[in-house]
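Visitor: First the structure, then my questions, so here it is.
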Amino acid sequence: MNLTLRVWRQSGPSDAGRMVTYRVEEVSPDMSFLEMLDVLNERLILEGDDPIAFDHDCREGICGMCGMVINGVAHGEQRATTTCQLHMRHFEDNATITIEPWRAAPFPVVKDLVVDRSAFDRIIQAGGFVSVPAGSAPDAHSVPVRKEDADAAFDAATCIGCGACVAACPNGSASLFTAAKITHLSLLPQGQPERLSRAKAMVDQMDAEGFGGCTNTGECTAVCPKGIPLDTIAQMNTDYLKANAK
Amino acid sequence: MKYTEGPEIRDTKAPEGPIEERWEKRKFSARLVNPANKRKLNVIVVGTGLAGGSAAATLGELGYNVKSFCYQDTPRRAHSIAAQGGINAAKNYRGDGDSIYRLFYDTVKGGDFRARESNVYRLAQVSVNIIDQAVAQGVPFAREYGGLLDTRSFGGAQVSRTFYARGQTGQQLLLGAYQALERQIAAGTVEMFTRHEMLDLIVADGRARGIIVRDMVTGEIERHTADAVVLATGGYGNVFFLSTNAKGCNTTAIWRAHERGAYFANPCYTQIHPTCIPVSGEYQSKLTLMSESLRNDGRVWVPLRKDDKRAPGDIPEDERDYYLERIYPAFGNLVPRDIASRAAKNVCDEGRGVGPGGLGVYLDFRDAINRLGRDAVEKKYGNLFEMYERITGENPYDVPMRIYPAVHYTMGGLWVDYDLQSTIPGLFVIGEANFSDHGANRLGASALMQGLADGYFVLPTTLGDYLADGPFGEVDEAAVAEAELKVRDRIERLLAVNGTRTPDSFHRELGRLMWDYCGMERTEESLRKALERIPELRKEFWENVKVSGTAEELNQVLEKAGRVADFFDLAELMCLDALVRTESCGGHFRAESQDADGEALRDDEAFAHVSAWEHSPDGEPVLHKEPLVYEYVKMTQRSYK
Amino acid sequence: MKKPTRKRPRGFLSSSNGKKAVMAVTGAVMVLFLIGHMLGNLKIFISKDSFNEYAHALRTLLEPLLPYRTLLTIVEIALVLSVVLHMWAAISLSRRARSARPVKYVAKKSQATGYATHIMRFGGLTIALFVVWHLLDLTFGVVNPKGFDSTPADRMIAGFDPSRWWVTLIYLVAVVMVGLHLRHGVWSAFQTLGWANRDRNKALRLSAGLLSAVLVVGFLAPPLAIMFGVVQ
């Protein structure tokens, strides 16, 4: 396959950035999207150019480090797939592919396609945990959990923190990310004691970071590589309202 | 490569007495640090996987001043996250005869009698607390309808002791540790440094006193000093370039510590996983693991004839070779990882491999679908089939899967004593980065167990004993400056070469070489060839590598080049270790040492020891042997025929 | 890189979730009003007198317990307040959204329906403009051929006279817009107030659609009937 790439290049946070066009030839359909970029980068290095910086690590769809907006869609059009697991066979020969970083004020661009997602960590810091020092836990079987609750908690807990939800949201909202953690812990008995204070603190932190509000458009869940359901946001809202009613 | 032999290691600091009391004894003898003093003690933890994340969180909770470092953009990305299968614990919730002793026994035996009994027993004891801790944190383990935790039997274990969270156990446990860590960051006890890479260890007055790191965003070289340093930087499987490790996994942190005096133990012990998705082309950047559970219902085969290019569906039954069922009639497709891996390599070496490059074997579900029905197969393996199709574009319901072995885990690592302290006082090493608990072969679902045991329970106790002598005062400025200068100098050297090959191209070549000569099967000849070739390649690297950009910016080429440079040195030591250990054991198979059936043959007489290598500046490593004594488990030769 | 610090949160109404709750509650008030309004409108099918009586009754409700037009005034105040708060929340949320994405995408493709994104803000604006026109036309009679000194039924019939087909057209567009707005808005309110969940979601979405459809039909029936001479 031969492809034309239009890639966002930005040398650093203070650079304005621009789209740059590259031609990539003899791409194998079995390559992953990132391997295609690797091939381009190898060429750029040898030509003395700056290779395209992008985040990636596990390359098996679980660490959440990779992510770019491909042809206007976070992680590309293949559903439930991270960028690293997207393969070139889903593209047409001679296609032009537009590649951009996650765009949101709370995710400032570090370089090219690399953005700073530390806002997510600070949302977790605000309350996305159960306070339990090591060694103080009771026997694991002392509190049974309904299988349905455990399963639903797991569904929410599979969030990989990639930020695609923010990238796709027309409001730049981090509601799906925040709600996934709130829901995960809300559904389990272990999460009950801190349930309301957690929801309040996390939502307030999300706002303080400068993310937009949710308008229930569903764009987030449509691009989420783990398919985190939209009703986690309803759970977050319930807990947040209850916390404020107190 | 030459080496010399130094004195044996006699004392590993394990307490004496009955094995079940040793950890209790050590916990009691470990000195405590008074809470007011803890605030004055600084600890550096490098790496935020299960071991590092849980250690930093626990130490912060205890009141120490902790600095935590990771190269990713957030601590939650560490590669522990990719572990699929589960975590072992001797809870015996099933009442199926499991016990701490049985987990201990299985682990020692599974490690092919190359692990320390005292350490392994402690691991089995602590395993029970890990599950409690994780559940209390809200880790959503799989449950049964009664609301209690579900377990399964994993990797051929006869008891059902593996706790799991669908296929994402590592992710869920890591997020538990990550959340505990973030809680401490919010509390101010842990200061987090993301996108920071450790490039050297500061040793002053005989103690590990800090690290030199590079801020990967600005390129700034920073010095961080402390009263103790904990390395939790994972394994070195990426020396093979293609492995199931994350792309960023590297050996730099432990290798620099090794150069500063920490012994490196058993570097040649490498675990190869038999069911990975095969390489599809030259550009391949990483390998993806498929759960081993697939071998429960899939049948492994290759064409009977060499170079048979027919589609699998066109090959009649009598022209297929179900070689695992043929060679190992009792265990069939369920033989252990290393045996399945080697058998696949052998048939491919005979020219009977399938797929691109002939490096693959079929894992066929046709019979399972006929027997159980497509729905039943989908229920069991649906998500794995989907993942396979996502990567290969082939539908495993219609076409047999292709699989091939891949490097998965490294049992070797920095040598540590019972306290998890390396040979440099004040340098502690935990998780996959140390060598301690798995011997020559790790059992399935034991990596998560070891990482969390070290981080949550073992290190916080033993580190306290070391710190009871602290604080250790100002760090000698000369030592810090020397380490910093060395780091700067190395970066400048890398940038100055300005050659014609990329770091990745060297890494690929090194990986290929290691896979061919020091991979699943090693011979004296292959290892000697590798030991000849590695220095040549390293020389070419330092003369011809091309690193674009500058040191004062986010520069992924520079990061890569530094890691590859260290892989060369490590690769050499791995080959040397493999050459010296002329026996076969666990993940180390020397073709010269096999029985009549082609099974690995241990040589307990000569090799019942840990090989701990000391770095020497003149390039001739010194081998220190730590004898392994088995008081509880009788050494036997395994057989799967 | 700058040191990350956690920032201080502010009050409920300045939080994005608080604003969403305001939108949901005020939206609910307006939906209740719309239901009542529609039922009242349908009285035109019974007779002009019935319609006029209804309009009168609105003003004299609870008399003599309360002075003339008390309840209606209260309702009007509540409605005006709802509209203002609804718009305030919408504007401040969309400003927040704009500042959350200062650099726009070169290419952007919706993966959900894209429906809510486009219909809500744009639709809300259209509806607001229409309400102004609607009040001038039928409540204050400023732009109505019959003027203010006429019975409500006369104003209505004159307003949708076939000769003024374009008024009916504006009305039709606006009512459809209201329907589209509510189709998402009603469900969204349930979601915002946390009543949506996996089991209920399908039913909620269906009810939201059904309610919107009923309102659209109910509101369009009188003007269309007038235009086509069914009601004279």
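The values are calculated or read from the model by the stated rules, or taken from the named source; none is laboratory data. Since this is a predicted model, take the numbers as computed values, not measurements. Don't worry about glycine lacking a Cβ; one is built from the backbone with ideal geometry, like all the others, and counts go over all protein chains shown. Keep in mind that these areas ignore ligands, DNA and RNA; they rest on the heavy atoms of the full protein, side chains included. Shrake-Rupley method; radii C 1.70, N 1.55, O 1.52, S 1.80 Å.
Visitor: Go through the residues of segment B:84-100 one by one and say whether even a single one is within 30 Å of A:Ile123 (Cβ to Cβ) and in contact with a helix residue (DSSP H, G or I) (Cβ under 6 Å, 6 or more places away or on another chain).
Guide: Yes - at least one qualifying residue is present in segment B:84-100.
Visitor: Another question, then. Hey, among A:Met202, A:Met206, which residue is more than 9 Å from chain C (Cβ to nearest Cβ), out of contact with any Leu (no Cβ under 8 Å at 6 or more places or on another chain) and in a helix (DSSP H, G or I)? If you could, list the steps in order and put the result at the bottom.
Guide: Values: A:Met206 fails: more than 9 Å from chain C (Cβ to nearest Cβ).
Criteria check complete, one pass: A:Met202.
Visitor: Please go through segment B:107-128 and pick out each residue that is open to solvent by 10 Å² or more (accessible area, probe 1.4 Å), within 19 Å of the chain's Cα centre (by Cα) and closer than 16 Å to B:Glu20 by Cα.
Guide: B:Arg116
Visitor: Residue check: is B:Phe607 under 25 Å from B:Gly237 (Cβ atoms), open to solvent by 10 Å² or more (accessible area, probe 1.4 Å) and aromatic (Phe, Trp, Tyr)? Talk me through it step by step, then tell me what you get.
Guide: Numbers: under 25 Å from B:Gly237 (Cβ atoms): yes; open to solvent by 10 Å² or more (accessible area, probe 1.4 Å): yes; aromatic (Phe, Trp, Tyr): yes.
Judged against the criteria, B:Phe607 is a match.
Visitor: Given the conditions (1) out of contact with any Asp or Glu (no Cβ under 8 Å at 6 or more places or on another chain); (2) open to solvent by 10 Å² or more (accessible area, probe 1.4 Å); (3) at negative phi, which single one is not true for B:Gly473?
Guide: Evaluating B:Gly473 over (1) out of contact with any Asp or Glu (no Cβ under 8 Å at 6 or more places or on another chain); (2) open to solvent by 10 Å² or more (accessible area, probe 1.4 Å); (3) at negative phi leaves (3) as the failure.
Visitor: Based on this model, can you work out whether A:Asp57 counts as under 24 Å from C:Val106 (Cα atoms) and either open to solvent by less than 10 Å² (accessible area, probe 1.4 Å) or assigned to a loop (DSSP other than H, G, I, E, B) (or both)? Please lay out each step first, then the result.
Guide: Numbers: under 24 Å from C:Val106 (Cα atoms): no; either open to solvent by less than 10 Å² (accessible area, probe 1.4 Å) or assigned to a loop (DSSP other than H, G, I, E, B) (or both): yes.
No.
Visitor: Tell me, which helices (runs of 4 or more DSSP H) wholly within segment C:115-232 include 1 or more residues that are under 25 Å from C:Ser82 (Cβ atoms) and in contact with a Cys (Cβ under 9 Å, 6 or more places away or on another chain)?
Guide: On the way: elements: C:115-134, C:152-159, C:165-192, C:201-227.
So the answer is C:165-192.
Visitor: Among (1) in contact with a Gly (Cβ under 8 Å, 6 or more places away or on another chain); (2) within 14 Å of chain A (Cβ to nearest Cβ); (3) of a type outside the set (D, E, K, R); (4) surrounded by 14 or more Cβ atoms within 10 Å (Cβ to Cβ), there is one condition C:Trp88 misses while meeting the rest; what is its number?
Guide: Condition not satisfied by C:Trp88: (1).
Visitor: Any residue that is in the same structural domain as B:Val33 (by TED's automatic domain parsing) and either over 23 Å from the mean Cα position of the chain (by Cα) or on the phi > 0 side of the Ramachandran plot (or both) - is there at least one of those in segment B:239-256?
Guide: yes
Visitor: Okay, moving on. Can you tell me which residue in segment A:110-163 is nearest to the chain's Cα centre (by Cα), limited to those that are under 21 Å from B:Lys91 (Cα atoms) and not in a loop (DSSP other than H, G, I, E, B)?
Guide: Applying the filter and picking the extreme gives A:Ala150.
Visitor: Going by the structure shown, is A:Asp93 open to solvent by 10 Å² or more (accessible area, probe 1.4 Å) and touching an Asp or Glu at 6+ places or on another chain (Cβ under 9 Å)?
Guide: Values: open to solvent by 10 Å² or more (accessible area, probe 1.4 Å): yes; touching an Asp or Glu at 6+ places or on another chain (Cβ under 9 Å): no.
Taking the combined requirement at face value, the residue does not satisfy it.
Visitor: Would you check which residues across segment B:603-641 are at pLDDT below 95 and basic (Lys, Arg) and list them?
Guide: Scanning segment B:603-641 gives B:Lys634, B:Arg638, B:Lys641.
Visitor: Within 12 Å of chain A (Cβ to nearest Cβ) and at pLDDT below 95: which single residue out of B:Arg195, B:Arg166, B:Arg183 fits that description?
Guide: Values: B:Arg195 fails: at pLDDT below 95; B:Arg183 fails: at pLDDT below 95.
B:Arg166 is the lone residue from the list that is within 12 Å of chain A (Cβ to nearest Cβ) and at pLDDT below 95.
Visitor: Condition test on A:Thr81, is it touching a Gly at 6+ places or on another chain (Cβ under 9 Å), within 11 Å of chain C (Cβ to nearest Cβ) and either assigned to a loop (DSSP other than H, G, I, E, B) or surrounded by fewer than 23 Cβ atoms within 10 Å (Cβ to Cβ) (or both)?
Guide: Details: touching a Gly at 6+ places or on another chain (Cβ under 9 Å): yes; within 11 Å of chain C (Cβ to nearest Cβ): no; either assigned to a loop (DSSP other than H, G, I, E, B) or surrounded by fewer than 23 Cβ atoms within 10 Å (Cβ to Cβ) (or both): yes.
It is false that A:Thr81 is touching a Gly at 6+ places or on another chain (Cβ under 9 Å), within 11 Å of chain C (Cβ to nearest Cβ) and either assigned to a loop (DSSP other than H, G, I, E, B) or surrounded by fewer than 23 Cβ atoms within 10 Å (Cβ to Cβ) (or both).
Visitor: Then there is this: Assuming B:Arg161 fulfils every condition listed in (1) open to solvent by 20 Å² or more (accessible area, probe 1.4 Å); (2) of a type in the set (Lys, Arg); (3) within 30 Å of B:Lys109 (Cα to Cα) apart from one, which condition is it?
Guide: All conditions pass for B:Arg161, except number (1).
Visitor: Now, a different point. Just for segment C:91-101: of the residues that are small (Gly, Ala, Ser) and open to solvent by less than 70 Å² (accessible area, probe 1.4 Å), which one is nearest to C:Gly18 (Cα to Cα)? Spell out how you get there, then give the answer.
Guide: Just the residues of segment C:91-101 that are small (Gly, Ala, Ser), to begin with: C:92, C:94, C:97, C:99-100.
Next cut, open to solvent by less than 70 Å² (accessible area, probe 1.4 Å) only: C:92, C:94, C:97, C:100.
Values: C:Ser92: 12, C:Ser94: 14, C:Ala97: 15, C:Ala100: 18 Å.
Filtering segment C:91-101 for residues that are small (Gly, Ala, Ser) and open to solvent by less than 70 Å² (accessible area, probe 1.4 Å), the one nearest to C:Gly18 (Cα to Cα) comes out as C:Ser92.
Visitor: For residues that are buried (at least 16 other Cβ atoms within 10 Å of the Cβ) and of a type in the set (Phe, Trp, Tyr), scanning just segment C:50-85, find the one that is farthest from the other protein chains (Cβ to nearest Cβ).
Guide: Here the residue is C:Phe51.
Visitor: Of A:Phe120, A:Phe129, A:Phe107, which residue is closer than 14 Å to A:Ala164 by Cα, within 8 Å of chain B (Cβ to nearest Cβ), buried (at least 21 other Cβ atoms within 10 Å of the Cβ) and modelled with pLDDT of 95 or more? Break it down stepwise before answering.
Guide: Working: A:Phe129 fails: closer than 14 Å to A:Ala164 by Cα; A:Phe107 fails: within 8 Å of chain B (Cβ to nearest Cβ).
Checking each option against the conditions leaves just A:Phe120.
Visitor: Can I ask one more? Just the residues that are surrounded by fewer than 23 Cβ atoms within 10 Å (Cβ to Cβ) and among the aliphatic types (A, V, I, L, M), please, taken from segment C:187-197.
Guide: Correct list: C:Leu193 only.
Visitor: Does segment B:216-272 hold any residues that are outside any loop (DSSP other than H, G, I, E, B), of a type in the set (Val, Ile, Thr) and crowded, with 23+ Cβ neighbours inside 10 Å, and which are they? Lay out the reasoning, then the answer.
Guide: In the first step, residues of segment B:216-272 are kept if they are outside any loop (DSSP other than H, G, I, E, B); the result is B:221-225, B:228-231, B:237-240, B:252-259, B:264-265, B:270-272.
Restricting the remaining residues to those that are of a type in the set (Val, Ile, Thr) gives B:221, B:225, B:229-230, B:239, B:252, B:254, B:270, B:272.
B:Val229, B:Val230, B:Val239, B:Ile254, B:Thr270, B:Ile272, listed by residue number.
Visitor: What number goes with the only condition from (1) more than 24 Å from A:Asp116 (Cα to Cα); (2) within 14 Å of another protein chain (Cβ to nearest Cβ); (3) surrounded by 24 or more Cβ atoms within 10 Å (Cβ to Cβ) that B:Ala56 does not pass?
Guide: Of the numbered conditions (1) more than 24 Å from A:Asp116 (Cα to Cα); (2) within 14 Å of another protein chain (Cβ to nearest Cβ); (3) surrounded by 24 or more Cβ atoms within 10 Å (Cβ to Cβ), the odd one out for B:Ala56 is (1).
Visitor: Sticking with this structure for a sec: Can you confirm whether C:Lys20 is touching a helix residue (DSSP H, G or I) at 6+ places or on another chain (Cβ under 6 Å), open to solvent by 70 Å² or more (accessible area, probe 1.4 Å) and part of a helix (DSSP H, G or I)?
Guide: So C:Lys20 fails the test.
Visitor: Select from segment B:151-186 the residues that are among the β-branched types (Val, Ile, Thr) and either farther than 30 Å from B:Val335 by Cα or in contact with a Cys (Cβ under 8 Å, 6 or more places away or on another chain) (or both) and list them in ascending order. First the steps, then the outcome.
Guide: Taking segment B:151-186 and keeping what is among the β-branched types (Val, Ile, Thr), we get B:151, B:159, B:162, B:169, B:185.
Matches in segment B:151-186: B:Ile185 only.
Visitor: If you don't mind, another one. Pull up segment A:1-17, narrow it to residues that are out of contact with any Ser or Thr (no Cβ under 6 Å at 6 or more places or on another chain) and outside any loop (DSSP other than H, G, I, E, B), then point me to the one that is farthest from A:Val115 (Cα to Cα).
Guide: So in segment A:1-17, the residues out of contact with any Ser or Thr (no Cβ under 6 Å at 6 or more places or on another chain) come out as A:1-3, A:5, A:7-17.
So of that shortlist, the ones also outside any loop (DSSP other than H, G, I, E, B) come out as A:3, A:5, A:7-9.
Values: A:Leu3: 25, A:Leu5: 20, A:Val7: 15, A:Trp8: 12, A:Arg9: 12 Å.
Going through the qualifying residues, I end up with A:Leu3.
Visitor: For segment B:277-322, how many residues meet the condition of being touching a Phe, Trp or Tyr at 6+ places or on another chain (Cβ under 6 Å) and within 14 Å of another protein chain (Cβ to nearest Cβ)?
Guide: Within segment B:277-322, residues that are touching a Phe, Trp or Tyr at 6+ places or on another chain (Cβ under 6 Å) and within 14 Å of another protein chain (Cβ to nearest Cβ) number 1.
Visitor: Hey, C:Lys202 hits all of (1) in contact with a helix residue (DSSP H, G or I) (Cβ under 8 Å, 6 or more places away or on another chain); (2) surrounded by fewer than 19 Cβ atoms within 10 Å (Cβ to Cβ) but one; which does it fall short on?
Guide: (1)
Visitor: While we're on this one: In the list C:Leu224, C:Leu204, C:Leu180, C:Leu220, which residue meets the criterion of being closer than 30 Å to A:Ala199 by Cα and of a type in the set (A, V, I, L, M, F, W, C)?
Guide: Numbers: C:Leu224 fails: closer than 30 Å to A:Ala199 by Cα; C:Leu180 fails: closer than 30 Å to A:Ala199 by Cα; C:Leu220 fails: closer than 30 Å to A:Ala199 by Cα.
Answer to the selection: C:Leu204.
Visitor: Picking from B:Arg528, B:Arg563, which residue would you name as being touching a Ser or Thr at 6+ places or on another chain (Cβ under 7 Å) and either in contact (Cβ under 8 Å) with a residue 24 or more places away in the chain or under 24 Å from A:Ala53 (Cα atoms) (or both)?
Guide: Numbers: B:Arg528 fails: touching a Ser or Thr at 6+ places or on another chain (Cβ under 7 Å).
Only one candidate passes the filter, namely B:Arg563.
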